[in-house]
Amino acid sequence: KAAGQLALLTLVMAVVPAMASAIGGYLTAYVDWRASYVLLAVFGGATLIACGLLMPETLTERGVARRSMGTAYVRLLRSPRFLGYAVGGASSTTAFYGFMSASPFIFETQLHQPTQRIGLYYLLLMGGVAAGSFGANRVAGRVPVQTALRIANGIGILGAALFALVD
């Protein structure tokens, strides 16, 4: 169940940056690049207000022991299984955000694409991420986690190898 919900979270985390890129591209092309920051401030303020009004307090007991939390962190950092998952997840996330940071420059300066079109490219890319997340959600619980991770890593390595061959 957790794997399925994590896949849905990944879906949302992929769709939102794609939508933001598309909206930001059109704002930059037709209004001004500063308009993106105004829109971010509006959404940030609305999110803050919504969280304050709609999210209940989860801390039921004051004075939670910090020592027990520190002990739990030390135990996690000594776990090879946790470190494997954490490093694997961090590596894929870092690669994704590296791509998201560098690609506008590449699209605009190297491939000479208009600013508003770049956001549409991200929508297409995130459509693939969404399809993968949706598929992972459907497979979760039916396939052992280790098998699913091996398949996902294999697909990632294959994609990187194909990219290297094309490049």
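Determine, at each q value in 0.14 (inverse angstroms), the log₁₀ of I(q)/I(0) that the Debye formula gives when each Cα of the stretch 1-43 is one equal point scatterer.
Debye intensities relative to I(0), on a log10 scale: -0.43.
When the helices in the chain are scored as -39500 (n - 2.57) per DSSP H run of 4 or longer and the sum is shared across all residues, what 222 nm value do you end up with, to the nearest 500 deg cm²/dmol? Could you put the intermediate results ahead of the total?
Working: 6 runs with 135 residues, N = 167.
So the helix-based figure for the chain works out to -28500 deg cm²/dmol.
Report, largest value first, the span of the C-alpha coordinates of the chain along each principal axis, in whole Å.
If we take the Cα atoms of the chain, the spans are 53, 46, 29 Å.
Quick one: putting +1 on the C-beta of Lys and Arg, -1 on the C-beta of Asp and Glu, what dipole do you get for the chain around its Cα centre, in Debye to the nearest 20? All intermediate terms of the calculation are to be shown ahead of the outcome.
Numbers: 12 positive and 5 negative charges, 167 e Å.
I would put it at about 800 debye.
Among all helices in the chain defined by DSSP H, which have a length of 18 Å or more along the axis from Cα atoms plus a Kyte-Doolittle mean of at least -1.0?
Values: long enough: 2-30 (42 Å, 1.49); 34-54 (30 Å, 1.71); 80-105 (38 Å, 0.45); 115-139 (37 Å, 0.64); 145-166 (31 Å, 1.61).
Helices passing the filter in the chain: 2-30, 34-54, 80-105, 115-139, 145-166.
Quick check for you: with a 1.4 Å probe and neighbouring chains kept, what is the accessible area per residue of the chain, in Å²? Show your work: numbers first, answer last.
Working: 12900 Å² over 167 residues.
That works out to 77 Å² for each residue.
Can you find, among 166, 39, 53, the residue farthest towards the positive end of the dipole of the chain? Put +1 on the C-beta of Lys and Arg, -1 on that of Asp and Glu.
53
So how much slack lies between residue 86 and residue 116, counting 0.36 nm per residue of separation and subtracting their Cα-Cα distance, in nm? It would help to have the intermediate numbers written out before the result.
Numbers: separation 30, 0.36 × 30 = 10.80 nm, distance 3.53 nm.
Length gained between residue 86 and residue 116: 7.3 nm.
Once the whole set of protein chains is in place, how much accessible area is left on residue 13, using a 1.4 Å probe, in Å² to the nearest 10?
100
Just want the answer: with Cβ charges of +1 for Lys and Arg and -1 for Asp and Glu, which residue in 86, 135, 119 is farthest toward the dipole's positive end in the chain?
My answer, from the dipole projection, is 86.
Kirkwood-based Rg over Rh for the stretch 86-162 (C-alpha set), two decimals? Mind dumping the intermediate values first?
On the way: Rg = 15.1 Å, Rh = 14.4 Å.
Taking Rg over the Kirkwood Rh, I get 1.05.
Among 88-101, 27-40, how do they line up from the highest to the lowest mean number of other beta-carbon atoms within 10 Å? Write out the running numbers ahead of the final one.
On the way: 88-101: 11.6, 27-40: 13.6.
Top of the packing list down: 27-40, 88-101.
Which percent of the accessible heavy-atom area of the chain goes to carbon and sulfur, probe 1.4 angstrom?
On the way: 9050 of 12900 Å².
Roughly 70 percent of what the probe reaches on the chain is carbon or sulfur.
Not counting ligands, DNA or RNA, and with a 1.4 Å probe, what is residue 151's accessible surface area in Å² rounded to the nearest 10?
The accessible area comes out at roughly 100 Å².
Applying a 10 Å radius around every beta-carbon, put 74-82, 130-138 in order of their mean neighbour count, most first. Walk me through the intermediate numbers first.
Numbers: 74-82: 9.8, 130-138: 15.7.
So the order, starting with the most tightly packed, is 130-138, 74-82.
Note down the nm distance, to one decimal, between modelled labels 7 Å out along Cα→Cβ at residue 138 and at residue 166.
Going from the residue 138 label point to the residue 166 one covers 2.4 nm.
The values are calculated or read from the model by the stated rules, or taken from the named source; none is laboratory data. What you see is a predicted model; the values in this text were computed from it and never measured. For neighbour counting, all protein chains shown are included, and Cβ atoms are generated from backbone atoms with ideal geometry for every residue, glycine included. To get the accessible areas, we keep the full protein, side chains included, count just its heavy atoms, and leave off ligands, DNA and RNA. Shrake-Rupley method; radii C 1.70, N 1.55, O 1.52, S 1.80 Å.
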